[in-house]
There are 4 protein chains.
Amino acid sequence: MEHSLSNDALREWYRERGFGGRVGFGQSPALLVIDIARGWLDPSTSIGSDQKDMLENILAVLRAARSADVPVIFTTMGGLGDSDEVFDLKLPGSAADVRNPELMQLEPILERSPSEPVLVKPRQSAFFGTRLVGQLIGLGVDTAIVVGSSTSGCIRSTCEDAFNNNLRVIVPREAVGDRSVSAHEANLFDIDNRFGDVMPVGEVLGWLAARQTSGGGAGDG
Amino acid sequence: MEHSLSNDALREWYRERGFGGRVGFGQSPALLVIDIARGWLDPSTSIGSDQKDMLENILAVLRAARSADVPVIFTTMGGLGDSDEVFDLKLPGSAADVRNPELMQLEPILERSPSEPVLVKPRQSAFFGTRLVGQLIGLGVDTAIVVGSSTSGCIRSTCEDAFNNNLRVIVPREAVGDRSVSAHEANLFDIDNRFGDVMPVGEVLGWLAARQTSGGGAGDG
Amino acid sequence: MEHSLSNDALREWYRERGFGGRVGFGQSPALLVIDIARGWLDPSTSIGSDQKDMLENILAVLRAARSADVPVIFTTMGGLGDSDEVFDLKLPGSAADVRNPELMQLEPILERSPSEPVLVKPRQSAFFGTRLVGQLIGLGVDTAIVVGSSTSGCIRSTCEDAFNNNLRVIVPREAVGDRSVSAHEANLFDIDNRFGDVMPVGEVLGWLAARQTSGGGAGDG
Amino acid sequence: MEHSLSNDALREWYRERGFGGRVGFGQSPALLVIDIARGWLDPSTSIGSDQKDMLENILAVLRAARSADVPVIFTTMGGLGDSDEVFDLKLPGSAADVRNPELMQLEPILERSPSEPVLVKPRQSAFFGTRLVGQLIGLGVDTAIVVGSSTSGCIRSTCEDAFNNNLRVIVPREAVGDRSVSAHEANLFDIDNRFGDVMPVGEVLGWLAARQTSGGGAGDG
C-alpha cells in the first residue's frame, strides 16, 4: 500500500492510471429517484437527516425529466422479515425504520403519477431484489440519472449496479445527499472515478431542457 | 446535511443511530479470495500496487481455511468485449489491464487446487455476472470471509452483495488492501458500519484454528 | 433428431442417459405457494381454471408445513407498467388480469400470517425480479417444496430457478395444477427429469409429519 | 382442471384467453447460439443426438447475422464443482458430459471470431450465472434471436429469461433441435404461446437479408 496517498494525491494517481474517464449522456435516459421518503428526510429517525437543499434540486430535476418525457422510477425500502436476521444485526436502527411503513412512504411533494413505478427494495441498491434491470431494458434505456439519498449508501450502490449493467450513470451533485459531508464527498469521489459522471445539477438541467426543445432523443422515435 | 460531521463524529453518530452492529461468524463459512493476480500486485500496472504484507496475511488465512475444511473460492477479472464501452470509457486503464490475460492469472503462490473454483468476474463484485450465489447455496454456506484487493473496489462490492444475500460477512483487516491508505480506511469504515464485521486477522485465524480442532461446524455434518 | 421418440420412449431414453435422478429432501425446507389468487382459480378469467382438488391438497401441505415449523413464502403477480410492452404483446389476456389488483389478492382460505412473506413477481418464476434467493439464504434453506399453479408456467419456472440455485426441489404432484391436463403432464415429466422430484402428495405430507414429530431437522438447531 | 384439453383444444383455449400474441422483431437484435458443441451433436454422449439439419440452418442464420452486423454470442456449459451436488444427483449423465471439457468445445464449423463472446453457463438458461443481460444492455439490444439445442431445455429456458427481461424473442423453428420430436414440439408450443415468436427459418433469413440491404436498423446509428 502506498501509505502516504492523500485524497488529492489519490485523485492524481487515479488520473495517471486511467480511472475517472468521462462517460457522458447516451440517447435514452431514465431518472431514478432513490429513497425520498419521510424516514430519510426527518432528522429524528435513525436513518434521516436534514436534506432541504437536496430536495429542492431533486424536484427541479424531476420537473425537467417529466417535461422531456424521460421516464421516472422511484424507490423506497421495505419487505423485511424473518429472513433478515443479518440485516437486523448489522443495522438495527435502519431495520426498525424500514419496518415502519409510515416512514417508507414517498414524499407527497414528489407528486408521483400512477404510471411512474415505485420499487420497494430490500437493500441499498435499486437493482438488488427488484425488477429494475428488466424495466430499463423494456424502456430501451441506456443512461441512468441518479438522485436521492444517501450518497454513501443507496446512491453509490445503485450507481455501481447501473454501471455493472453497462448503463451510463449521471449524478447531479447537488441532488444527492448524505447525513455526513465527509461520507458524501468521499463517495462522490469514488462514484466519479469508478461508476459514473458526477456533475453540477445545472448541467443535467441544461441537458434535459435541450432534449425537451429538440423533441427528445433516439429513444423516443 | 450535517455539514460538520468528521469521521470520528460520524462514527459516534452511526453508533447512536444503530449502524455497525456485530454479526459474528455463522456455522458454515466459505473463504472468498478476491483478485490476487499479478495485475493487482505489480505496481507498474494501471491497477496494481505493492501489497506484500496483505499477501502474507492472505496466505495465512488460506492455510487456516484449508486446514479447517472451509471451502475456498477465488476470483479474477476478464471477459471484456464489444459490449463494455461504458467500462472502457470510465476505467480505460483498468480495461486495458483486464484485457491482458497474463495480468489476470492467479498468483501461483496461492497454490490453488483444481477443486477450488476460480470465477472470472466482469466487474468489481464477485457476485455480479457470476454463479457465486448458487455455489454458496450448494455448499450450504452462511458466512463469507472476504480477503484480497482492493478495499475500495472489489472488496467493498463483494461484501455488500454478500450482505444483501443475508450472508454473515467477515473481513480480516490486514488481509485486504488498497493502493491508497485513505481509501482503504474510508471503505473499511463503511464496510464495518454497513455490511460486515471488520476484525484483526488474528481473530479470524483463531476462529479457524478452533474450528479445525473441533472437527468443523454444523456444515460438515 | 430421433424422430420417433414417443413420451414412453423418451422416458426410457432419459433413464439410459442419466436424466431424472432422485434428489430427495434436504435438512431445511421452505414451502413456496405459487399464485394461489382468485385470478388463477376462477374459470371466468383469462388465466383461471377450476382447481378445487389442487387447492385442497395445497391446504393440507400448508397445514403440515406450519405444524413442522417449515417457513412458508407466498407469491402473486403484479407491478406491470409502461416497460412491459413485450409482455402485453405476447400475453394480452394475462396482462389484463395481472393489472387487476383484485384478481391478484391471495385466497383468504390460505390464512396467511403477517410473518409469512408474499412476493409480488412480475413474471412466471418466483425468483425473477424478486428477493427470494436472499430470503432462502437468510432462512438457511436447502430444499424448496413447490405447490400452486400453473404447472406449465409458474411452477416449472420456479422449479428450474430453484434447481439452478442448487436447492433440492420437491413437487407434490396433486398440489400443482394447470388448465390443461396434457400441459400438466408434459411439464411434470420435464420437471421430474430435469429439475426436481415429483412425488405423491402423501409422501410429502408423511415427511412433514415425521419432521414435526422429531422436532425438526438440522435447520431448526 | 379441464381434463380433456388436447393440444389442439389447448391451442384454441390459449387463443381465446389471449396467450400467444405476436411480438415481432425490434430494431436492434442479437443472435444467441446455444450449446452447439460436440457433446450435444454426438449421439454417443449422454446429452447428444443427431442434429445435422438443425446445424445447417444455424449456419445459415449465423452467416446472415454476420452479414447484417448483428452481434453474435455463443454459449456452452462448464464450471461444475463441489457445489453442484444437486445437479449431479438429478442429471448424472449430463453432469459427466459437462465435466468433460472436450465435449464442451464449440463446433469449429461455427468459425467463431475472437470478438464474438462465448459464455460458459452452469445451467440451462444462457442468463443464469452469466453476464449476458449486461452484455445485451451494452450492445443496445432489444431482440434475441435464439438458435441451438435443446428445445426442451436450454432453448426454452433462454427464451423465458430473455422474455422476462423484456426482450423480443424470435425462434427460427428449424434452427433449434431436441433429442425427441415430441419434446421439441411440446416446447415450441409453450415458447410460442408464452415467451417468443416461433417462425420458419426462412422468415428470419429474409428479415436479416432486408436489414443487411438497408444498412441496418436503429441500433447501428
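The values are calculated or read from the model by the stated rules, or taken from the named source; none is laboratory data. The structure presented is a predicted model; accordingly, all values stated were derived computationally and were not measured. Quick reminder, even Gly has a Cβ in these numbers, built from the backbone with ideal geometry, and neighbours come from all protein chains shown. Remember, those area values only see protein heavy atoms, side chains included, never the ligands or the DNA or RNA. Shrake-Rupley method; radii C 1.70, N 1.55, O 1.52, S 1.80 Å.
Of the residues making up segment A:50-99, those that are modelled with pLDDT of 95 or more, more than 9 Å from every other protein chain (Cβ to nearest Cβ) and open to solvent by 60 Å² or more (accessible area, probe 1.4 Å) number 6. If you go through segment B:1-42 and keep only what is exposed (fewer than 14 other Cβ atoms within 10 Å of the Cβ) and either among the charged types (D, E, K, R) or at pLDDT 95 or above (or both), you end up with B:Asp8, B:Glu12, B:Arg15, B:Glu16, B:Arg22, B:Gly24.
Which one of B:Leu91, B:Leu59 is within 22 Å of the chain's Cα centre (by Cα) and closer than 23 Å to B:Thr130 by Cα?
Working: B:Leu59 fails: closer than 23 Å to B:Thr130 by Cα.
Selected residue: B:Leu91, the only one of B:Leu91, B:Leu59 that is within 22 Å of the chain's Cα centre (by Cα) and closer than 23 Å to B:Thr130 by Cα.
In the condition set (1) touching a strand residue (DSSP E or B) at 6+ places or on another chain (Cβ under 8 Å); (2) surrounded by fewer than 24 Cβ atoms within 10 Å (Cβ to Cβ); (3) not charged (D, E, K, R), D:Ile145 is compliant with all but (2).
Does B:Pro122 count as closer than 23 Å to D:Pro122 by Cα and either of a type in the set (Val, Ile, Thr) or open to solvent by 10 Å² or more (accessible area, probe 1.4 Å) (or both)? Even if it seems obvious, please write down each step before you answer.
On the way: closer than 23 Å to D:Pro122 by Cα: yes; either of a type in the set (Val, Ile, Thr) or open to solvent by 10 Å² or more (accessible area, probe 1.4 Å) (or both): no.
Taking the combined requirement at face value, the residue does not satisfy it.
Could you please find all residues in segment C:170-184 being assigned to a loop (DSSP other than H, G, I, E, B) and over 13 Å from the mean Cα position of the chain (by Cα)? Give the derivation first.
Applying the first criterion (assigned to a loop (DSSP other than H, G, I, E, B)) to segment C:170-184 yields C:178-179.
Matches in segment C:170-184: C:Arg179 only.
Residue count for segment C:35-80 under the criterion of being within 16 Å of C:Arg173 (Cβ to Cβ) and β-branched (Val, Ile, Thr): the result is 2. When A:Phe189, A:Phe163 are screened for being touching a strand residue (DSSP E or B) at 6+ places or on another chain (Cβ under 6 Å) and of a type outside the set (Val, Ile, Thr), only A:Phe163 passes.
Please determine, by comparing only the residues of segment C:193-202 that are surrounded by fewer than 24 Cβ atoms within 10 Å (Cβ to Cβ) and at the interface with chain D (Cβ under 9 Å from one of its Cβ atoms), which one is farthest from D:Ser182 (Cα to Cα). Here the answer is C:Asp197.
Looking only at residues of segment B:6-42 that are in a loop (DSSP other than H, G, I, E, B) and within 8 Å of another protein chain (Cβ to nearest Cβ), we find that the one that is farthest from the chain's Cα centre (by Cα) is B:Ser6. Quick check on C:Thr45: is it of a type in the set (Ser, Thr, Tyr), open to solvent by 10 Å² or more (accessible area, probe 1.4 Å), within 21 Å of D:Asp190 (Cβ to Cβ) and not in a helix (DSSP H, G or I)? Yes. Residues considered: B:Leu132, B:Leu106, B:Leu139. Of these, the only one that is modelled with pLDDT of 95 or more, touching a Lys or Arg at 6+ places or on another chain (Cβ under 7 Å) and more than 13 Å from chain A (Cβ to nearest Cβ) is B:Leu106.
Among the residues making up segment C:151-189, those that are polar (S, T, N, Q), closer than 25 Å to C:Ser46 by Cβ and open to solvent by less than 10 Å² (accessible area, probe 1.4 Å) are C:Thr151, C:Ser152, C:Ser157, C:Thr158, C:Ser180, C:Asn187.
Sort through C:Asn193, C:Asn166 and tell me the only one that's of a type in the set (S, T, N, Q) and at positive phi. One residue alone meets the criteria, C:Asn166.
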